[in-house]
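These notes are about the structure you will find just below.
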Amino acid sequence: MASRFPQHTIMQRSDKRGEIVLVLTPIGRDASLICSLLDRAGLAGIVASDVEGLVRELREGAGAAVMTEESLRPATVAMLIEWLQQQPPWSDFPIVVLTSGGESTRGSLRRFEMSKQLGNITLLERPVRSVTLLSAVEAALRARRRQYEAKDYIAERHRSEEVLVSQAEALARSNADLQQFAYVTSHDLQEPLRNIRAFAQMLAKRYHGEFDGEALELLDFISGGAARMHALIQDLLSYSRVVNDEPRVFAPVPMGTALAWAIQNLQLSIGESQAKITHDALPDAWGDVITIVQLLQNLLANAIKYRSERPLQIHVCGRREGAECVFGIRDNGIGMAPQYHERIFGLFKRLHGKEIAGTGIGLTICRKIVERHKGRIWVESSQNIGSTFWFTLPAAPDGPSLPTP
Ligand code: ADP
């Protein structure tokens, strides 16, 4: 049974269990003396008349315990050890043990050996001065307070980690859903759109002679809208593919060869625009060649699309910088004002209306591809002078070359 001393004082002085000092002494007078000392110092003490009472109070929570050597019988120590072993890792419960003074006897040595198993103990030899006992108890309480703070800190960290993990999971789920949604809708829109385009063509063909100018103009609007929607769906599908596809196995990518592939894919528009494309010797990158060709192709296509009246010149440069390579695609096209340099990489962000066809997805795809390679992409551009699109990719350690197209 634990008896409180003096009960009302304890509850007024401390309603925090971590501040309570448990006292276990076989001699009642010792307990009273210790408790009045604690009380005078403004500390809350609870007297346990036996070890069961002590363990019960320990389970409720306590800051420290004061015990006399005589109370350390094998059964008492065994019960305390059992309780200590059940404690969480942050806990190292402090116990102040008052030993008998004078010559060591066999019994006192044995008890001393036993007490060592209790871990965090402070031995004070009797007769002990009040200030010594009080300062030992206060040090023990301070140590316990720090343990409780560590516990709160650990709990807080666990909580924030859990919140972070669940938020990341929710975000990943909603991203996956959105990507899936974008893919499915753009994929499913293709069929009805094909019908609209086909029927508009049929109408134009069959009733060409009968339609007046206004009807033909309206038909033109339908075909134009359908063509724009077709481009948008195609771009959305390629965006979904870049985002949804499992990352492919990375390999050395000879950028000169990747550039040649991109140029070959754009032969028609290069011919039409009479673009002059030059390049330096490019270093080998490390990545997924298919998406890197797509990246080069998108940037070259933009350089062609946003050309000025001047004869178009495009130059591709590249250099190795430590573990990465930096590439640049420079054009002498229309360029853009500084306030748009960041914005143009956002989805559907365009600086033009219908006068230049486009969907505002191309650069978002480029950014995704570069990010999948843990690289960066940015633009340096001046209006009416031209733009250079820069991007980084990991450098290849040493790579075999790809076949030239
Ligand atoms: P789109 O070309 O379909 O509009 P992009 O995402 O490829 O979409 O490009 C976004 C915008 O960035 C374009 O609308 C254009 O205004 C601007 N832009 C891209 N490349 C260039 C370039 N080489 N020169 C000037 N402006 C460019």
Among the residues of the stretch 151-174, count how many are open to solvent by 70 Å² or more (accessible area, probe 1.4 Å) and either in contact with a strand residue (DSSP E or B) (Cβ under 9 Å, 6 or more places away or on another chain) or not aromatic (Phe, Trp, Tyr) (or both).
16
So which of SER108, SER104, SER71 is open to solvent by less than 60 Å² (accessible area, probe 1.4 Å), farther than 14 Å from VAL23 by Cβ and modelled with pLDDT under 90?
SER108
Residues that are touching a residue at least 40 places away in the same chain (Cβ under 8 Å), over 17 Å from GLU82 (Cβ atoms) and of a type outside the set (Val, Ile, Thr), drawn from the stretch 41-62
ALA41, LEU43, GLY45, SER49, GLY61
Quickly run through the stretch 324-360 and pick out the residues that are touching a Gly at 6+ places or on another chain (Cβ under 6 Å) and within 11 Å of the ligand (Cβ to nearest atom).
ASP331, ASN332, GLY333, GLY335, PHE348, LYS349, ARG350
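Does the stretch 191-205 hold any residues that are of a type in the set (D, E, K, R) and under 19 Å from LEU232 (Cα atoms), and which are they?
Applying the first criterion (of a type in the set (D, E, K, R)) to the stretch 191-205 yields 191, 194, 197, 205.
Correct list: GLU191, ARG194, ARG197.
Given the criterion over 24 Å from the mean Cα position of the chain (by Cα) and part of a helix (DSSP H, G or I), identify the matching residue among SER186, SER160, SER166. Give the derivation first.
Values: SER160 fails: over 24 Å from the mean Cα position of the chain (by Cα); SER166 fails: over 24 Å from the mean Cα position of the chain (by Cα).
Checking each option against the conditions leaves just SER186.
When the residues of the stretch 372-390 are narrowed to those that are β-branched (Val, Ile, Thr) and more than 8 Å from the ligand (Cβ to nearest atom), which ends up farthest from CYS325 (Cα to Cα)?
Step one: list which residues in the stretch 372-390 are β-branched (Val, Ile, Thr), which gives 377, 379, 385, 388.
Right, trim to more than 8 Å from the ligand (Cβ to nearest atom) and you get 377, 385, 388.
Details: ILE377: 12, ILE385: 26, THR388: 16 Å.
The selected residue is ILE385.
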Here is a list: LEU237, LEU203, LEU259. Which entry is open to solvent by 50 Å² or more (accessible area, probe 1.4 Å) and at negative phi?
LEU203
Within the stretch 8-35, considering residues that are small (Gly, Ala, Ser) and open to solvent by less than 40 Å² (accessible area, probe 1.4 Å), the one modelled with the highest pLDDT
ALA31
Quick check: is even one residue across the stretch 92-100 closer than 22 Å to VAL137 by Cβ and assigned to a helix (DSSP H, G or I)?
no
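The values are calculated or read from the model by the stated rules, or taken from the named source; none is laboratory data. Note that the structure is a prediction, hence the values are computed from the model and not measured. In this analysis, Cβ positions are derived from the backbone assuming ideal geometry, glycine residues included, and neighbour counts consider all displayed protein chains. Ligands, DNA and RNA are stripped out before the accessible areas are found, and what is left, the full protein with its side chains, is counted by its heavy atoms. Shrake-Rupley method; radii C 1.70, N 1.55, O 1.52, S 1.80 Å.
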